[in-house]
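Here is the structure we will look at.
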Amino acid sequence: MRQAGRYLPEYRAVREKVDFLTLTKTPELAAEVTLQPIRRYPLDAAILFSDIMTPVEGMGVRFDFQPGPVVADPIRTPADIDRLRLADPRESVPFVLETIRILRRELPPQVPLIGFAGAPWTLFCYLVEGHGSKTFVKAKAFLFAHPEAARRLLDRLAEAMAAYLRAQAEAGAQALMLFDSWAGLLSPWEFRGFALPAVQKTLGSLQDLNLPLIYFPNQGATLLADAARSGAHVLGVDWRLPLSRAREIAGPALAVQGNLDPAALFAPPQELDRQIRRVLDEAGATPGHVFNLGHGIERHTDPDAVARLVDRVHEWTQGKYGG
Ligand code: CP3
């Protein structure tokens, strides 16, 4: 997660020349920063460089990055929802689709490209609150004050993200991931009543693509049994839950992805190794585990620690699944 980004000097060199929004809207540059970690490390997959906010501009939402998203006119009343349009991604985000086409030409054939979108609830948080927050109280207050309008907004976001992900697949993305960074703010009742139906709508509509669908409910330990019904084939798991437990909850039909604490990359090498080993041991011997961090990589991470991580995972999983 955040495989590309500010921890890499080559990314910072690109960012010295262009701001973040320009970077996401310029296909040659977005493709270049997607490829940077792939050139540096023998990674098994690439993730498109973009942001979860990128497609909402086409819905009529104006925002900036400072460095997190800041929305110009947040949604504060049910009537504000009617401002949001459903756009054709080929018209509203042609630069994302072009980035994907460039990447499919330039990536080594054995490295698949993961496309992604924000999950409806996490986008709801930014659109209603207007900016990042630890608690998103305005977004939650909107849920409680206007439950029907909240469902209408989540439903519209679900439909928009379904179209956006389908367009990414048509342009060449080979797996699709939904980031629900703020799922953990919800009680199980709110998750079932609001966030989950919207995820089910998005992922349900993408089943015919026959691509791996990944759903990451961040801080979702208490939500995982419900998240297992999201329509995803893979559940992303943060580092707070042992993968053995995640696999019990997810059941044998779903794979799990995760879940090294990104802070482990700041630990002494032996301790980093120990934590990598523990993730692999917790994942167990049966197939159905995708090694990943438990959330985004920190900007002050040492690129050499990431190199060590990638090497260790390859070394310790060599031949594990008969591959
Ligand atoms: O993983 C990748 O390499 C793909 C790139 C990617 C970015 N954002 C680039 C980015 C992805 C998958 C995202 C998703 C995203 N964006 C999420 C979901 C994942 C998560 O982290 O929970 C969220 C919540 C956002 C919203 C967002 N964008 C925030 C909160 C920030 C500020 C981050 C910070 O640490 O300051 C951004 C900006 C952003 N998105 C950066 C990058 C590399 C930093 C921008 C810069 O270069 O200045």
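The values are calculated or read from the model by the stated rules, or taken from the named source; none is laboratory data. Computed from a prediction, not measured in an experiment: that's the story for all the values here. Glycine also receives a Cβ, built like all others from the backbone with ideal geometry; neighbour counts cover every protein chain displayed.
Would you say Leu224 is crowded, with 19+ Cβ neighbours inside 10 Å, in contact (Cβ under 8 Å) with a residue 12 or more places away in the chain, within 15 Å of the ligand (Cβ to nearest atom) and closer than 23 Å to Thr122 by Cα? Show your work before the answer.
Details: crowded, with 19+ Cβ neighbours inside 10 Å: yes; in contact (Cβ under 8 Å) with a residue 12 or more places away in the chain: yes; within 15 Å of the ligand (Cβ to nearest atom): no; closer than 23 Å to Thr122 by Cα: yes.
No; evaluated as a whole, the condition is false for this residue.
When you go through Ala162, Ala141, Ala150 one by one, which is the residue that is surrounded by 22 or more Cβ atoms within 10 Å (Cβ to Cβ) and in the same structural domain as Asp73 (by TED's automatic domain parsing)? Testing whether each residue is surrounded by 22 or more Cβ atoms within 10 Å (Cβ to Cβ) and in the same structural domain as Asp73 (by TED's automatic domain parsing) leaves just Ala150.
Residues satisfying the criterion are present in the stretch 288-297 (criterion: free of Cβ contacts under 8 Å to residues at least 60 places away in the same chain, more than 23 Å from Arg40 (Cβ to Cβ) and not assigned by TED's automatic domain parsing to the domain that holds Tyr215). Could you check, for the stretch 249-270, whether at least one of its residues is in contact with a helix residue (DSSP H, G or I) (Cβ under 8 Å, 6 or more places away or on another chain) and more than 30 Å from Thr135 (Cα to Cα)? Checked against the condition, which is being in contact with a helix residue (DSSP H, G or I) (Cβ under 8 Å, 6 or more places away or on another chain) and more than 30 Å from Thr135 (Cα to Cα), the stretch 249-270 yields at least one hit. Of the residues making up the stretch 192-248, those that are over 28 Å from Val279 (Cβ atoms), within 18 Å of the chain's Cα centre (by Cα) and aliphatic (A, V, I, L, M) number 2. The single condition among (1) more than 17 Å from Gly172 (Cα to Cα); (2) of a type outside the set (A, V, I, L, M, F, W, C); (3) more than 12 Å from the ligand (Cβ to nearest atom); (4) surrounded by 13 or more Cβ atoms within 10 Å (Cβ to Cβ) that Pro9 does not meet is (4). Residue pairs whose Cβ atoms lie under 6 Å apart, separated by 6 or more positions or on different chains, with the first residue in the stretch 115-130 and under 13 Å from Met177 (Cα atoms) and the second within 10 Å of the ligand (Cβ to nearest atom) and assigned to a loop (DSSP other than H, G, I, E, B), are Gly115/Leu48; Gly118/Ile52.
Of the residues that sit in the stretch 107-137 and are among the aromatic types (Phe, Trp, Tyr) and within 18 Å of Ala149 (Cβ to Cβ), which one is surrounded by the fewest Cβ atoms within 10 Å (Cβ to Cβ)?
First pass over the stretch 107-137, keeping only residues among the aromatic types (Phe, Trp, Tyr): 116, 121, 124, 126, 136.
Next, from what is left, pick out any that are within 18 Å of Ala149 (Cβ to Cβ): 121, 124, 126, 136.
Working: Trp121: 28, Phe124: 26, Tyr126: 27, Phe136: 22.
Within the stretch 107-137, the match that is surrounded by the fewest Cβ atoms within 10 Å (Cβ to Cβ) is Phe136.
Evaluate the stretch 20-37: report whether one residue or more is touching a strand residue (DSSP E or B) at 6+ places or on another chain (Cβ under 8 Å) and assigned to a loop (DSSP other than H, G, I, E, B). Within the stretch 20-37, not a single residue is touching a strand residue (DSSP E or B) at 6+ places or on another chain (Cβ under 8 Å) and assigned to a loop (DSSP other than H, G, I, E, B).
Scan the stretch 83-99 and give yes if some residue there is outside the structural domain of Ile297 (by TED's automatic domain parsing), within 16 Å of the ligand (Cβ to nearest atom), more than 20 Å from the chain's Cα centre (by Cα) and within 30 Å of Leu185 (Cα to Cα), otherwise no. No, there is no match, as no residue in the stretch 83-99 is outside the structural domain of Ile297 (by TED's automatic domain parsing), within 16 Å of the ligand (Cβ to nearest atom), more than 20 Å from the chain's Cα centre (by Cα) and within 30 Å of Leu185 (Cα to Cα). Pairs linking a residue in the stretch 17-40 that is in the same structural domain as Ile52 (by TED's automatic domain parsing) and in contact (Cβ under 8 Å) with a residue 40 or more places away in the chain to a residue that is more than 8 Å from the ligand (Cβ to nearest atom) and aromatic (Phe, Trp, Tyr), with Cβ atoms under 6 Å and 6 or more positions apart or on different chains, are Lys25/Phe95; Pro27/Phe95.
Within the stretch 279-302, the set of residues being assigned to a helix (DSSP H, G or I) and surrounded by 16 or more Cβ atoms within 10 Å (Cβ to Cβ) comprises Val279, Leu280, Glu282, Ala283.
Among the residues of the stretch 59-88, those identified as in a helix (DSSP H, G or I) and in contact (Cβ under 8 Å) with a residue 24 or more places away in the chain are Met59, Pro78, Ile81. Scanning the stretch 45-78 for residues that are more than 14 Å from the ligand (Cβ to nearest atom) and either farther than 24 Å from Ala160 by Cα or buried (at least 22 other Cβ atoms within 10 Å of the Cβ) (or both) yields one hit, Ile75. For the stretch 168-204, the tally of residues that are under 10 Å from Ala117 (Cβ atoms) and either among the aliphatic types (A, V, I, L, M) or not in a helix (DSSP H, G or I) (or both) stands at 4.
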